[in-house]
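What follows draws every value from the coordinates through simple rules; no lab data is involved. Only a predicted model underlies this, so the values are computations on that prediction, with no experimental measurement involved. In this analysis, Cβ positions are derived from the backbone assuming ideal geometry, glycine residues included, and neighbour counts consider all displayed protein chains.
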Amino acid sequence: MFAPHPHRGPHPRLAARKAGMRRLAAVLAGLAAGLLALATPAFAMPVPVPGTGFRPSAPVPAPEIRTVSHTLVLGGMPGWQITLIAIGAALAAATLAVLVSRAVSSRRHTVPTAA
């Protein structure tokens, strides 16, 4: 009289539990990767050679170098060219948006309603 209804997929509670576990695993993996990225440089330190008297905490004096620098601008793009490029890109994007909108609206079929 009552035939069992075959399931067409996992039970909704089971699916929700699996989705929650996947989210939790993704969050934990992201946190682990972030901590690994932050902690990796902390392990780098100089190792002294035995018998040399090298101390890693001793400051090393920097050599004194005097340089003279001159600023020279050789190229670049004037502001009016940047403005023209921005206006052209905006016009191209607007034209493309109108064409796509018209193409989508022409494919829609209207269903006649009985009056």
Query raised in the report: How far is it, in nm, from the label point at residue 74 to the one at residue 18 when both lie 7 Å from their Cα along the line to the Cβ?
Result: 6.1
Query - residue 65-residue 36 pseudo-label distance in nm [points 7 Å out on the Cα-to-Cβ vector] - result: 3.7
